[in-house]
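Enquirer: Mind having a look at this structure? Questions to follow.
The values are calculated or read from the model by the stated rules, or taken from the named source; none is laboratory data. Since this is a predicted model, take the numbers as computed values, not measurements. With ideal geometry, Cβ positions are generated from the backbone for all residues, glycine too; neighbour counts draw on all protein chains shown. Side chains included, ligands, DNA and RNA excluded: accessible areas come from the protein's heavy atoms. Shrake-Rupley method; radii C 1.70, N 1.55, O 1.52, S 1.80 Å.
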Amino acid sequence: QVQLLESGGGLVQAGGSLRLSCTASGRTFTTYAVAWFRQAPGKEREFVAGIAWNGGSIHYKDSVKGRFTMSRDNAKNTVALQMNSLKSEDTAVYYCAARMWNVDTSGNEYAYWGQGTQVTVSS
């Protein structure tokens, strides 16, 4: 079992920045890929970014490329999502999720999920 806990959400003006963190506990974190998903009201959950178990590959949704940066620190069992130049359309609940080894953009492939953190971008 892997337990995930997100933090760092909040209210920010358009153009601002937020840094989300996902801290893992339980089984060793080093063999898990971690992804960020988000879900806005009335919309389906969507993949935002994901990082492989060793940080060797990172994937981003097209609309966040150049604005969001994902990183991980396996020594601290944490993954971060730095979000810059935020837009109103980034408003959603953000979830981190984990699966073995490599990133998949389908949420159905992830066995472990955090409880989510709200990000609200005001225009």
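Enquirer: Tell me the residue from 52, 35, 40 that is aliphatic (A, V, I, L, M) and surrounded by fewer than 16 Cβ atoms within 10 Å (Cβ to Cβ), please.
Expert: Working: 52 fails: surrounded by fewer than 16 Cβ atoms within 10 Å (Cβ to Cβ); 35 fails: surrounded by fewer than 16 Cβ atoms within 10 Å (Cβ to Cβ).
Only one candidate qualifies: 40.
Enquirer: Restricting attention to region 2-26, which residues are at negative phi and either part of a loop (DSSP other than H, G, I, E, B) or over 15 Å from the mean Cα position of the chain (by Cα) (or both)? It would help to see each step written out before you state the result.
Expert: Kept after step one, since they are at negative phi, are these residues of region 2-26: 2-7, 9, 11-14, 16-25.
Once the filter is applied, which keeps residues that are at negative phi and either part of a loop (DSSP other than H, G, I, E, B) or over 15 Å from the mean Cα position of the chain (by Cα) (or both), region 2-26 yields 2, 9, 11, 12, 13, 14, 16, 17, 25.
Enquirer: Among the residues of region 20-59, write down those that are among the charged types (D, E, K, R) and under 13 Å from residue 96 (Cα atoms). Outline the logic, then answer.
Expert: Narrowing region 20-59 to residues among the charged types (D, E, K, R): 27, 38, 43-46.
Across region 20-59, the qualifying residues are 38, 45, 46.
Enquirer: Are there any pairs with C-beta distances below 6 angstrom linking a residue in region 112-123 that is surrounded by 15 or more Cβ atoms within 10 Å (Cβ to Cβ) to a residue that is of a type in the set (Asp, Glu) and not in a strand (DSSP E or B), with the two at least 6 apart or on different chains, and if so which?
Expert: Correct list of pairs: 121/90.
Enquirer: Can you pull out every residue in region 55-87 that is open to solvent by 70 Å² or more (accessible area, probe 1.4 Å) and of a type in the set (Asp, Glu)?
Expert: Answer for region 55-87, where residues must be open to solvent by 70 Å² or more (accessible area, probe 1.4 Å) and of a type in the set (Asp, Glu): just 62.
Enquirer: Kindly establish whether residue 73 is among the acidic types (Asp, Glu) and under 13 Å from the mean Cα position of the chain (by Cα).
Expert: Numbers: among the acidic types (Asp, Glu): yes; under 13 Å from the mean Cα position of the chain (by Cα): no.
In short, no.
Enquirer: Just give me the residues in region 82-121 being within 17 Å of residue 45 (Cα to Cα) and among the aliphatic types (A, V, I, L, M), in sequence order.
Expert: Passing the criteria: 92, 93, 97, 98, 103, 111, 119.
Enquirer: Before we move on, is residue 101 surrounded by 16 or more Cβ atoms within 10 Å (Cβ to Cβ), in contact (Cβ under 8 Å) with a residue 24 or more places away in the chain and more than 13 Å from the chain's Cα centre (by Cα)?
Expert: no
Enquirer: Among the residues of region 1-31, count how many are open to solvent by less than 10 Å² (accessible area, probe 1.4 Å) and hydroxyl-bearing (Ser, Thr, Tyr).
Expert: Within region 1-31, residues that are open to solvent by less than 10 Å² (accessible area, probe 1.4 Å) and hydroxyl-bearing (Ser, Thr, Tyr) number 0.
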